[in-house]
1. Mind listing whichever residues of segment 276-304 are more than 14 Å from the chain's Cα centre (by Cα) and closer than 30 Å to residue 6 by Cα?
2. Take residues that are out of contact with any strand residue (DSSP E or B) (no Cβ under 9 Å at 6 or more places or on another chain) and of a type in the set (D, E, K, R) and tell me which of the helices (runs of 4 or more DSSP H) falling wholly in segment 147-211 contain 1 or more.
3. Whether any residue in segment 271-285 is on the phi > 0 side of the Ramachandran plot and surrounded by 18 or more Cβ atoms within 10 Å (Cβ to Cβ) is what I want to check.
4. So if I check each of 447, 429, which one is at pLDDT below 85, among the acidic types (Asp, Glu) and surrounded by 13 or more Cβ atoms within 10 Å (Cβ to Cβ)?
5. Which condition does residue 639 not pass, out of (1) open to solvent by less than 10 Å² (accessible area, probe 1.4 Å); (2) within 27 Å of residue 698 (Cα to Cα), if it passes all the others?
6. Just to verify a result, which residue in segment 345-356, among those that are open to solvent by 40 Å² or more (accessible area, probe 1.4 Å) and part of a helix (DSSP H, G or I), is modelled with the lowest pLDDT?
7. Give 706, 693 a once-over and let me know the one that is of a type in the set (Gly, Ala, Ser), in contact (Cβ under 8 Å) with a residue 24 or more places away in the chain and open to solvent by 10 Å² or more (accessible area, probe 1.4 Å).
8. Are any residues in segment 191-205 on the phi < 0 side of the Ramachandran plot and either of a type outside the set (A, V, I, L, M) or open to solvent by less than 10 Å² (accessible area, probe 1.4 Å) (or both), and if so, which ones?
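The values are calculated or read from the model by the stated rules, or taken from the named source; none is laboratory data. Values in this document were obtained by computation on a predicted structure and should not be read as measured data. When we count neighbours, we look across all protein chains shown, and the Cβ atoms used for this are built from the backbone with ideal geometry, even at glycine. All accessible areas refer to the heavy atoms of the entire protein, side chains included, with ligands and DNA or RNA removed. Shrake-Rupley method; radii C 1.70, N 1.55, O 1.52, S 1.80 Å.
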Amino acid sequence: MSGTPRIGIEEEFHVVDLATRQAAPEVDALLAQLSGEGFAPELQRSLVETNTLPCHSLDELRAEIVRLRGELGGAAHPLGLGVVAAGSVPLTNPSDNDVSHGARYARMQREYQMLAREQHICGLQVHVDVPNRDVAIAVVQRVAPWLPVFLALSASSPYWQGADSGYASSRTLVWQRWPTAGPPGPMSSAAEYDALIAALIASGTISDPGMVYFDVRPSAHVPTVELRICDACPLVDDVVLIGGLFRALVATARMEIEADAPPPSVRYELLRAATWRAARAGLESDLVDLYGQSGPKLASPESMVHKLLRKVRGPLEDVGDWPQVHALAEVALARGSAAARQRRAFGLRGEYRDVVDTLLAATQGEPSPRTPPQTSPPRLPAVLTGYQPTGFDEVVALGGRVLPHYGWLFRALDQIGLEGIALREADRDAEQRTRGVTFRVSDDAQDRLFPLDLIPRIVTADDWTTLQSGLTQRVRALEMFMADVYGDRAAIADGVIPESLASPAHGWSEHGTLAREGMPRAAVSGIDLVRDGGDQWLVLEDNLRVPSGIGYAITSRRLVRSVLPELEPPAGVVPVEGVPELLSKTLLAAMPPKAGADGNIALLTAGPVDSAFFEHQLLAESMAATLVVPGELAVLDGAVYQCQPGADPRRLDVIYRRLDEETLVAATGSGGQPLFEPLRAAMLEGTVSVVNALGNGIGDDKAVYAYLPAMIEYYLGERPLLANVPTYHCADPEQRAEVLDRLDELVLKPVDGYGGVGIVIGPHAEANELLEVAAHIRAAPDHWVAQEMIQLSTHPTFAGDRIEPRAVDLRAFVFHGERPEVAPAALTRVAPAGSMIVNSSRGGGAKDTWILR
């Protein structure tokens with residue numbers, strides 16, 4: 001293969017009336033103002049097409065696209081018309097179904113009826129030169145499995161005939177009703193393809209070769225391979241990205257053909273299913289990876305785009321396109337699909353005119369129009385009828401008005417309705433079964449679906465900035481405390497904390513000295529926060545041993561966006577897809593001084609018996625880390641290896657511990673031999689790092705928590721940025737006396753309790769419960785703390801046939817590699833009705849948490 005193949009673009013546009021923002025059947029008047037061969041009518045009289053000249057470079061292609069769009073827009077504006085590059089426009093008049101002039105279009109209207117009448121859709125076609133039709137057919141077979149990625153990148157048609165379709169590309173659903181649309185079937189030569197076309201014409205299904213509408217095909221009129229799966233793209237950048245990627249994919253296919261490499265083997269049904277999934281998801285939910293190691297699987301759009309970039313990088317570099325295409329791809333992923341941007345525009349005021357204005361501006365390369373501000377806050381929507389919070393609610397303010405930053409969300413939920421939300425819950429459950437998203441409540445219970453409420457919680461950018469500063473401050477102080485308590489114990493000597501806390505009863509462990517000096521002990525912290533009745537964020541608890549929830553936070557985002565694509569906030573949300581990469585970077589920072597050549601990371605799990613095993617699998621796969629159970633570990637020649645039957649031992653250098661310290665200490669390794677002592681020796685030798693460190697239990701002890709504000713001032717010389725819930729340690733005689741006097745006012749917690757076990761909420765407790773807890777406190781005061789009763793904030797939560805307020809908290813995650821960093825994925829936990837205990841083990845649920853940019 002020699003030379004750079006030329007590339008050309010066909011773009012289809014909607015013609016809209018600038019007064020009504022509705023599709024206008026005025027293409028004849030528009031074309032009368034244009035000259036040259038670059039413009040043509042389409043089937044419907046509200047559609048027009050442009051054709052670039054063949055181009056050698058992407059810069060040349062960009063200039064051609066901009067030129068044609070400029071001429072088209074310039075001719076339209078004096079006529080009171082505008083042009084929109086998108087798969088669909090939301091405002092169409094069902095009576096405007098006259099087709100363009102010509103015998104071919106008239107025949108199509110007569111033969112295909114509804115299909116022709118509803119053809120108010122626009123696509124993008126990319127042509128790439130090939131030497132002959134046999135090469136074109138061979139290329140088609142090799143590029144076809146990647147077509148859903150191109151559809152996801154281009155998805156721009158969420159609205160169809162005045163309603164949200166629930167899809168990112170409704171155009172795909174409309175288009176694939178044509179008898180010859182969809183993925184191409186297996187073919188081996190141009191002769192076989194031509195025979196197929198002849199048979200289709202003979203059958204009366206189509207009237208000419210131009211009506212073969214496969215998602216990719218040899219062009220019917222020029223010597224090219226033609227990509228046809230894409231929606232029309234509002235932004236020129238996305239057109240150039242798709243053009244550059246497709247040309248490089250064609251070049252890759254031709255190199256494989258010349259090398260006589262076997263073509264991919266993908267079932268037609270799976271390719272069609274992957275196309276449907278891309279039309280549903282766009283860039284906002286998972287796509288189908290047809291090349292998974294163990295077969296097709298769901299994968300994030302980011303991972304699929306990056307996989308395609310890796311595949312075509314060589315041809316992109318050969319023609320100098322790599323920097324531009326790579327940069328455009330990263331921008332597209334960060335920006336999200338055009339479908340999502342349209343939903344954000346609609347969400348501001350619930351006006352389709354705003355969607356069309358946004359598309360008009362994007363098509364002409366202008367800034368998005370500013371939407372006039374609302375004159376008054378939105379009234380309580382219908383789905384919140386009867387919603388009556390008794391305290392501070394994060395969505396509904398006093399007076400019964402939805403707070404402004406939630407207005408877009410509840411307008412969307414109003415359109416879906418309560419019955420619609422119930423149906424989406426069924427979709428959620430089906431998605432969870434497909435993905436295996438389960439959670440085990442106890443060791444002897446069966447796995448159940450992760451209890452996810454579909455109404456997201458929003459954390460504003462200002463709140464998140466406050467939380468980031470306070471959380472990193474807290475983790476820095478906790479790291480210094482743990483280093484101190486396992487070292488010089490200066491804080492004890494100076495009277496900042498009592499000596500009694502440095503004991504096994506409070507999480508101190510003899511194994512805490514194994515952590516390497518200078519390495520963070522808590523690579524991953526899970527900090528639980530609540531908002532009180534005064535809208536103040538408070539830290540409820542620190543979790544420094546094996547905090548769970550990161551994977552569920554990532555999965556919650558994917559599930560909500562998959563089953564409720566209409567929920568797209570106007571300001572956008574911080575993406576969660578980069579969290580596994582950030583976690584991997586954090587773990588790599590713990591690489592031991594005597595690491596192996598490859599520097600392998602492993603996630604150590606108890607296996608399927610662990611309640612969060614789904615999360616362990618997800619994180620290991622996302623980080624390309626080894627998932628290992630203790631029974632597979634062996635220490636050979638002073639280093640740790642995974643040993644599996646029939647496989648070579650795999651050296652492990654960083655072990656991300658996701659099982660309890662007691663379980664690890666008692667575990668047996670490969671061959672049934674005791675594991676801990678040889679593992680301990682390897683840690684001391686510097687051949688392996690175990691994170692989170694053993695002995696971290698003292699850092700998240702409930703009694704130690706009471707002294708955190710003092711620790712921050714002692715170790716950092718700073719005032720705490722996040723307050724504690726006021727806490728009393730019953731070991732202190734004065735504090736114990738106050739607790740015993742106020743049992744019916746306080747929340748009583750055993751310091752060794754977890755998952756809400758053993759907590760007694762004084763104001764809600766019976767008299768006999770208070771007498772029993774008082775006896776426990778007197779018998780072992782060091783094992784109990786009490787906290788002031790905090791009225792947790794509530795959040796609207798779907799309860800089967802209504803939305804009701806439920807208490808919520810927030811688990812945020814701090815990764816500590818070279819420095820502490822708050823991960824952009826937080827998990828909101830939801831209490832059952834009438835409760836304030838949010839733990840899943842006590843019947844609680846969760847929400848996706850959307851952090852606004």
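1. Of everything in segment 276-304, those that are more than 14 Å from the chain's Cα centre (by Cα) and closer than 30 Å to residue 6 by Cα turn out to be 278, 279, 289, 290, 291.
2. Hits in segment 147-211: 190-202.
3. Yes.
4. Values: 429 fails: at pLDDT below 85.
The match here is 447.
5. Of (1) open to solvent by less than 10 Å² (accessible area, probe 1.4 Å); (2) within 27 Å of residue 698 (Cα to Cα), only one is false for residue 639: (2).
6. First, the residues of segment 345-356 that are open to solvent by 40 Å² or more (accessible area, probe 1.4 Å): 348-349, 351, 353.
So of that shortlist, the ones also part of a helix (DSSP H, G or I) come out as 348-349, 353.
Values: 348: 75, 349: 78, 353: 92.
Restricting to residues being open to solvent by 40 Å² or more (accessible area, probe 1.4 Å) and part of a helix (DSSP H, G or I), the top hit is 348.
7. 706
8. 192, 193, 194, 203, 205, listed by residue number.
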